[in-house]
1. Please report the spacing between the Cα centers of segment B:1-56 and segment B:68-117 in Å, no decimals.
2. Just want to confirm a number: the relative contact order over chain A, from Cα pairs under 8 angstrom separated by 6+ residues, in percent.
3. Could you grab the relative contact order for segment B:72-118? Cα pairs under 8 Å, six or more apart, rounded to a whole percent.
4. Return A:87, B:136, A:41 ranked ascending by Cβ neighbour count within 10 Å, so the fewest neighbours appear first.
5. Using only the alpha carbons, work out the radius of gyration and Dmax of chain A in angstrom.
6. Quick one: among B:72, B:85, B:109, which has the greatest mean-square fluctuation in a GNM of chain B with alpha-carbon springs under 10 angstrom?
7. Taking springs between alpha-carbon atoms closer than 10 angstrom, which of B:62, B:40, B:127 fluctuates most in the Gaussian network model of chain B?
8. Relative to the first principal axis of the alpha-carbon coordinates of chain B, what is the inclination of helix B:122-135, with its axis defined by its Cα atoms, in degrees from 0 to 90 and to the nearest 10?
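Every read-out reported here was derived from the displayed coordinates using simple, explicitly stated rules and does not represent laboratory data. The structure presented is a predicted model; accordingly, all values stated were derived computationally and were not measured. Every residue, glycine among them, receives a Cβ derived from its backbone with ideal geometry; neighbour counts consider all protein chains shown.
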């Protein structure tokens, strides 16, 4: 079965270990949008064992911490949907009052056009902060 | 500040402890839709400490397990958004190929009308299964 997340990175690689990777999603109007993608083709979080699930969530929340520190968003959105691509992946999305869909979910109808271009070095900045965070988890 | 999730249950109560509650959401076309709502008014998951966060996710995944066992959905959707109500709460949504928005997120434009009414005793069934699951976590 063809699976986009088995066959492609799904974004710009920021960090990875043997279980998962963190990628940057270049979505207009969404500064700092990252995904945490489980390496193996597994459909649901409850298909992972307890340790795998805990590891996955530890990385999701590390990404959330880094994005909050870097961008001070109005809200963080976390989602594991996978209706199109049933391979465990988390969206970690900094939300801002002037982003294209706020206060709706990013999957709703767009309310306004993106107001700013993505800064070129953002993936590198996030990767550095995440590497630091995961090297020193406290 | 007025907060819907501080002032109302946010659904039919299924299970609760001192930290959080699980409620049933009566949304047409969405059989089994539950929310896990943190009791205290906290905005982001990373505002909780490690133990609180682990507890919250343990309950989210217990709800996912129960919903999969009860309804065999085509996919589970998990989301913590809170753009309208910035008080930590998780949506745990069994998704089916014939539900109103599949394969889009439930916050997207509806593709079809709800095909079935909610069965009256569903909240009771889920509450019983969840209570059993959390009494015997393995």
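1. Going from one Cα centre to the other spans 16 Å.
2. Result for chain A is 26 percent.
3. On the way: 55 pairs, mean separation 13.6, N = 47.
Dividing the mean separation by the residue count of segment B:72-118 yields 29 percent.
4. So the ranking, lowest neighbour count to highest, is B:136, A:41, A:87.
5. 14.7, 42
6. Checking each option, the largest mean-square fluctuation is seen for B:109.
7. Highest fluctuation among the options: B:40.
8. 40 degrees
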